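Worksheet: one structure, shown below.
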Amino acid sequence: MFHSKLLPPLPFIPHELVVEILSRLPVKSLLKFKCVCKSWLTLISDPYFIKKHLHLSTHSTYFTHHRVILSATTAEFHLKSCSVISLFNNPSTLCDDLNYPVKNKYRHDGIVGSCNGLLCFAIKGDCVLLWNPSIRVSKKSPPLANNWRSGCFTAFGLGYDHVSEDYKVVAVFCDPNEFFSESKVKVYSMVTNSWRKIQNFSHGVSPYQNSGKFVSGTLNWAASYSLGSSSLWVIVSLDLHKESYREIMAPDYEKEECSTPSLGVLKGYLCMNYDYKRTHLVVWLMKDHGVRESWVKLVSIPYLPNPEDFSYSGPYCISENGEVLLMFEFDLILYDPRDHSFKYPRIESGKGWFDAEVYVETLVSPLEH
């Protein structure tokens, strides 16, 4: 006679523990787990869970949820994505092809920036695309409707207003034909899906770096300031909630023997970098946003013999042990300040990049705000 053994019942797992476990998993797994049962679908789609997952992902110490998006130097517009942790730890890294939502294969749309998993692309200087490649959801803004003339350009910036819980894109319309004019500014709200005018930049101040850098609720641009016959540079900081401007003072650095500085973000802090005597890229970090005394010189990266006179792009991120990821001659490189060594991570099925941006894999959707 056949005797079947009954399997013991599955142990009961409290809901709170399920939330703790799932909120630490990668987005790719969570998208699959939505199909497990209705309760998991409801949980993973819940705004509280999305925020919890976002917080854990963005504060991950070892870049476990971070990726870098790369724009290829091909005639057709190709985007690829690879793991940041793999770039730091492996000699060779696999990359994924990304399916860009806007179909125009010969136009290279510029990467404005990333915020909480959302990537922002500028489309012909007239509108923007907000896209989360991890969940394959995107949203295109209405057109800006600015009066274009030859030589005009728009400097964009993407950030998050923590008070109104709204993602915002700021567009600074620059017209070099009008000296001492005010650069006109509009802000796009993801909640209202509309642009509106806000206070202009000050007279004679114009961004020379196309993308504003998001730090501590503010967007920050490196800008030129006309003063008589000379031109100075300043850091203009826009509070995304108050929509008010302030000038941030640069550190005391070697102005006479370096290139015009540009801005970036490392570890969530505003950073400033410049070429010094064409021999080094010098990177400063602002530990307390807006406080000049908090600038610290982070790293000085030497240039190797460089007959083509290329400059570094980036830095894009820095590891816990101080290794710096940047770009040189259209390829990603790693610099280790501990032994002054360089590494050249190989990316499978890809070589030659116009642009790069680090983003975090999240469940944040541009359609659900």
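Cross-link partners of Lys32 among lysines, defined as those whose alpha carbon lies under 24 angstrom from its own and excluding same-chain residues fewer than eight positions apart: Lys51, Lys52, Lys80, Lys139.
Of His108, His55, the order by accessible heavy-atom surface (1.4 Å probe, DNA, RNA and ligands excluded), from most exposed downward, is His55, His108.
Between Ser194 and Leu94, the simple spin-label model (points 7 angstrom out along Cα→Cβ) gives 4.7 nm. Ordering of 66-77, 282-293, 111-122 by packing is 111-122, 66-77, 282-293, highest average first (other Cβ atoms within 10 Å, averaged per residue).
Projecting the Cα atoms of Asn99, Ala72, His55 onto the dipole axis of region 8-118, where Lys and Arg carry +1 and Asp and Glu carry -1 at the beta carbon, places Asn99 farthest toward the positive end. Note on the chain: helix-only mean residue ellipticity at 222 nm, from DSSP H runs of 4+ residues weighted -39500 (n - 2.57) and normalised by residue number, equals -3000 deg cm²/dmol.
The slack in the chain from Phe33 to Lys51, taken as 0.36 nm per residue of separation less the alpha-carbon distance, amounts to 4.7 nm. Remark on the chain: Cys35, Cys37, Cys115, Cys120, Cys127, Cys152, Cys174, Cys258, Cys271, Cys317 stand apart, with no other cysteine beta carbon under 4.7 Å.
Relative contact order of the chain: 17 percent, from C-alpha pairs under 8 Å at least 6 residues apart in sequence. For region 217-337, relative contact order (Cα pairs under 8 Å, six or more residues apart, normalised by length) works out to 15 percent. Placing +1 on the Cβ of every Lys and Arg and -1 on the Cβ of every Asp and Glu, with no other charges, gives the chain a dipole of roughly 1200 debye about its Cα centre. May I ask you to give the solvent-accessible area per residue for region 52-360, in square angstrom, as obtained with a 1.4 angstrom probe? On a per-residue basis, 46 Å². Taking a point 7 Å from the Cα of Glu348 along the Cα-to-Cβ direction, the residues of region 84-122 with backbone N closer than 16 Å to it are 84-98. Shape verdict for region 195-354, please, from the Cα gyration tensor: rounded (a/c under 1.5), prolate (a/b greater than b/c) or oblate. Verdict is prolate for region 195-354. Applying 1/(1 + (r/R0)^6) with r as the Cβ-Cβ distance of Leu304 and His59 and R0 = 35 angstrom yields a FRET efficiency of 0.50.
How large, in percent, is the carbon and sulfur part of the accessible surface of the chain at a probe radius of 1.4 Å? Display every interim value, and only then the final one.
Numbers: 10630 of 19140 Å².
Of all accessible area on the chain, carbon and sulfur atoms account for 56 percent.
Given a Förster distance of 25 Å, report the FRET efficiency between Thr42 and Phe12 from their Cβ-Cβ distance, rounded to the nearest 0.05.
On the way: r = 19 Å, r/R0 = 0.75.
The computed FRET efficiency comes out at 0.85.
Computed on region 106-175, with alpha-carbon pairs under 8 angstrom and 6+ residues apart, the relative contact order is 23 percent.
Between Arg107 and Asp288, the contour length at 0.36 nm per residue exceeds the alpha carbon distance by 61.2 nm.
The values are calculated or read from the model by the stated rules, or taken from the named source; none is laboratory data. This one's a predicted model, so the numbers in the text were calculated from it and none came from an experiment. No Cβ is skipped: glycine too gets one built from the backbone with ideal geometry, and neighbour counts run over all protein chains shown. With ligands, DNA and RNA removed, areas are computed over all heavy atoms of the protein, side chains included. Shrake-Rupley method; radii C 1.70, N 1.55, O 1.52, S 1.80 Å.
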